[in-house]
1. Is it the case that some residue within region 16-32 is of a type outside the set (A, V, I, L, M) and at pLDDT below 85?
2. Restricting attention to region 1-52, which residues are small (G, A, S), surrounded by fewer than 16 Cβ atoms within 10 Å (Cβ to Cβ) and closer than 15 Å to Y71 by Cβ?
3. What's the number of the only condition in (1) touching a residue at least 60 places away in the same chain (Cβ under 8 Å); (2) surrounded by 15 or more Cβ atoms within 10 Å (Cβ to Cβ) that D93 fails to meet?
4. Looking only at region 1-56, count every residue that is in a helix (DSSP H, G or I), free of Cβ contacts under 8 Å to residues at least 24 places away in the same chain and either within 15 Å of M78 (Cα to Cα) or of a type outside the set (D, E) (or both) and tell me the total.
5. With the structure loaded, tell me whether Y57 is at pLDDT 95 or above and either charged (D, E, K, R) or closer than 23 Å to L15 by Cβ (or both) or whether it fails that test.
Amino acid sequence: MISNPQDILYFFIILFIFVVAFAHAGYLAFSTDVEDFRSISISVITLFNALVGSLDYEGITESSRLYGPLYFLVFQSMMILILVNVFLAIMNDAYR
């Protein structure tokens with residue numbers, strides 16, 4: 001049983017804040033060129049899909065040669081290296 005269920009709630013709140021922030025940034029940078037960022041709500045859905053590995057890297061790099069790869073690398077590093085590790089730490093702490 002999870003010792004503190006509030007930790008998971010806080011994690012999902014932080015995850016949602018990060019995804020919405022990246023969705024706004026993606027919308028502002030790529031909305032005119034990339035179909036997956038044509039609105040903020042579709043950008044949020046696109047970024048949740050990107051968590052499982054289906055982000056249109058070619059589209060965002062064609063849209064912006066500098067910001068596209070930077071956006072991709074920062075998003076992937078924030079989500080994979082930081083947030084997933086925090087989630088695993090919460091789950092590991094629950095099973096001690």
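1. Within region 16-32 (the criterion being of a type outside the set (A, V, I, L, M) and at pLDDT below 85), the answer is no, since none of the residues qualifies.
2. Within region 1-52, A21 is the sole residue that qualifies.
3. Unmet for D93, out of (1) touching a residue at least 60 places away in the same chain (Cβ under 8 Å); (2) surrounded by 15 or more Cβ atoms within 10 Å (Cβ to Cβ): (2).
4. Residues meeting the conditions: 20.
5. The answer is no for Y57.
The values are calculated or read from the model by the stated rules, or taken from the named source; none is laboratory data. Just so we're clear, the structure is a prediction, and the values are computed from it rather than from any experiment. Positions of Cβ are generated from backbone atoms using ideal geometry, with glycine treated the same way; all protein chains shown enter the neighbour counts.
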